[in-house]
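Participant: One structure, pasted below without further comment.
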Amino acid sequence: MNHQHPLTLSGSALLTAISNQADLSTLRHANLDGCGLTTFPTGVLKLVGLSTLSLFDNQLADIPSAISQLRGLHTLNLSQNLLAAVPESLGNLEALEMLDLGHNRLADLPASLGRLTHLAFLYLSNNQLSSLPPSLAALSSLRYLNLTDNRFSELPGWIGRLYSLIELRVYNNSLTILPEEIEALSNLVELHASQNQIAALPDSIGQLSSLVSSICKPTGWPRCLNLLGI
């Protein structure tokens, strides 16, 4: 293993290599999906050359603050674990372009995530979130935001400052209205907001000239409303 200098390792092979202190200085992609992990493998923190780290579908209840040592990460997948919190230090991973925290137990997010200005994809579905830190308004590169299956009763007005958004998913929450500021999302192509309690749409939604998909009306409404030309 010391002479193979792999770029990608996954599963038991990766855990064995870490345990044997193999030379993983060139490792760029680490996949530990579905490994039954109950604690974060601290040996991963030494893999400072990583671009991708995936820990999807484990039983992790805690992520160490020292994860901030992996400054080269572009993709971090922590979805489908048992996380009730993530460390403030995630905000130091300033090269991140994709962060998946979906299918956990998160009720709050650290304000430091607003420093992830290269972030393009943020997955927060299936948590216990009812609000977002205002600092996320600084995520000017964000193209995809998934807030589905949470506890939102409203969206913050500052969501209109996420000018790069192409797709916004907020279905299966408790929304009663969409903010007027949504009109500023001139690049938005897809908006998914079904399974809420939205009784009316703001007039400003007609300003979304790039929108080509449809928003499904609340339960009991007979059809989907095409937003083009409203």
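Since every read-out is calculated from the coordinates, none of them should be taken as a lab result. Just so it is clear, the model here is predicted, and its values are computed rather than measured. In this analysis, Cβ positions are derived from the backbone assuming ideal geometry, glycine residues included, and neighbour counts consider all displayed protein chains.
Participant: With a point put 7 Å past each Cα toward its Cβ, work out how far His118 is from Gln197 in nm, to one decimal.
Facilitator: 4.2 nm
Participant: If you place +1 on the Cβ of every Lys and Arg, -1 on the Cβ of every Asp and Glu, and leave all else neutral, what size is the dipole of the chain about its Cα centre, to the nearest 20 Debye?
Facilitator: 180 debye
Participant: Another question, then. With the Cα gyration tensor of the range 1-52 in hand, convert its eigenvalues to equivalent ellipsoid semi-axes via √(5λ) and list them largest first in whole Å.
Facilitator: Ellipsoid semi-axes (Å, largest first): 17, 11, 10.
Participant: Next question. Tally Lys and Arg at +1 and Asp and Glu at -1 over the other residues with C-beta under 10 Å from the C-beta of Leu145: what net charge comes out?
Facilitator: My count for the surroundings of Leu145 gives +1.
Participant: Could you list the square roots of 5 times each eigenvalue of the Cα gyration tensor of the chain, that is, the equivalent ellipsoid semi-axes, sorted largest first and rounded to whole Å?
Facilitator: So the equivalent ellipsoid measures 37, 17, 15 Å along its semi-axes.
Participant: Ala85 versus Asp108, label points 7 Å from Cα toward the beta carbon: distance in nm?
Facilitator: Between Ala85 and Asp108, the label points sit 0.8 nm apart.
Participant: On to the next question. Would you please give the residues with an amide H less than 5 Å from that of Asp23, counting only those at least 5 places away or on a separate chain, with H modeled from the backbone geometry?
Facilitator: Asn2
Participant: Volume per residue, Å³, of the convex hull around the alpha-carbon atoms of the range 77-138?
Facilitator: Values: hull volume 4.3 nm³, N = 62.
Looking at the range 77-138, the number lands at 69 Å³ per residue.
Participant: Once fully extended, how much extra length lies between Val48 and Ile177, figured as 0.36 nm per residue of separation less the alpha-carbon to alpha-carbon distance?
Facilitator: Roughly 42.0 nm would be gained on extension.
Participant: Equivalent ellipsoid semi-axes for the range 1-129, as square roots of 5 times the alpha carbon gyration tensor eigenvalues: give them largest first, rounded to whole Å.
Facilitator: On the way: eigenvalues 119, 53, 26 Å².
Working through the eigenvalues yields semi-axes of 24, 16, 12 Å.
Participant: Grab the DSSP H runs of the chain that are 4 residues or longer, score each as -39,500 (n - 2.57), total them, divide by all residues and round the 222 nm result to the nearest 500 deg cm²/dmol.
Facilitator: Using -39500 (n - 2.57) per qualifying helix, the result is -1000 deg cm²/dmol.
Participant: When the Cα atoms of the range 101-206 are enclosed in a convex hull and the volume is divided per residue, what value in Å³ results?
Facilitator: Spread over its residues, the Cα hull of the range 101-206 gives 79 Å³ apiece.
Participant: What is the projected area of the convex hull of the Cα atoms of the range 15-82, averaged over all directions, in nm²?
Facilitator: If you wrap the Cα atoms of the range 15-82 in a convex hull and average its projections, you get 4.0 nm².
Participant: Using a simple spin-label model with points 7 Å from Cα along the Cα→Cβ vector, what separation in nm is obtained for Gln21 and Gln59?
Facilitator: 3.0 nm
Participant: Related question: Near Ser209, within a Cβ-to-Cβ distance under 15 Å, what is the net charge of the other residues, with Lys and Arg +1 and Asp and Glu -1?
Facilitator: Charge balance near Ser209 sits at -3.
Participant: About its Cα centre, what dipole magnitude does the range 85-187 give when the only charges are +1 on Lys and Arg Cβ and -1 on Asp and Glu Cβ, stated in debye to the nearest 20?
Facilitator: 120 debye
Participant: Right, next: With only Lys, Arg, Asp and Glu charged, each at its Cβ (+1 for the first two, -1 for the last two), find how big the charge dipole of the range 129-183 is about the Cα centre; round to the nearest 20 debye.
Facilitator: Here the range 129-183 has a charge dipole of around 200 debye.
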